[in-house]
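What follows is calculated from the coordinates using simple rules that are stated; it is not laboratory data. Everything quoted here is computed from the prediction, not taken from an experiment. Here Cβ is always computed from backbone atoms with ideal geometry, including for glycine, and neighbour counts include all displayed protein chains.
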Amino acid sequence: MRWAHHTTEVLVAVLIGCAVAAFAPPANAFVVQVATSIPTEGIENDTDLGAAVYSAIKDVMKQAIAFRPSLVELRSAKRVGDRLYLLLLLADPDGEEALKAFEAMEPDAGN
């Protein structure tokens, strides 16, 4: 009979845990990787390049995402023909914390 009492305690704990999880609001962390491109025509120097990249980033923030990022990172830039392709990483504060947690994890030694 003692095992029945223990089983009941475990069942009650599981039900309470499920109830709490069902009504807890989900945590929202936004992390987005966006590709965009800009024409290289008219870019004569580093100042022009910086202005064009800044304009492309502002355009992405205005038109492609629906949150205010706390992290904007240029991950890659490649010139193909007459276009410069940019790969951007954007995250809100919670997304930034999630990225830090992923970076802190060590890769599996077996893989």
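For the reader, a short list of remarks on this structure follows.
- For Phe30, Phe102, Phe67, the sequence from fewest to most other C-beta atoms within 10 Å is Phe102, Phe67, Phe30.
- Judged by the mean number of other Cβ atoms found within 10 Å, the most tightly packed of the peptides 55-63, 87-95, 42-50 leads the ranking 87-95, 55-63, 42-50.
- Within the shell defined by Cβ-Cβ distances under 9 Å, the residues around Pro39 carry a net charge of -1, with Lys and Arg each +1 and Asp and Glu each -1.
- Three-way shape call for the stretch 31-104 based on the alpha-carbon gyration tensor, with the a/c threshold at 1.5: prolate
- Rounded to the nearest 20 debye, the dipole magnitude of the stretch 29-74 is 380 debye, with +1 charges on Lys and Arg beta carbons, -1 on Asp and Glu beta carbons, and the Cα centre as origin.
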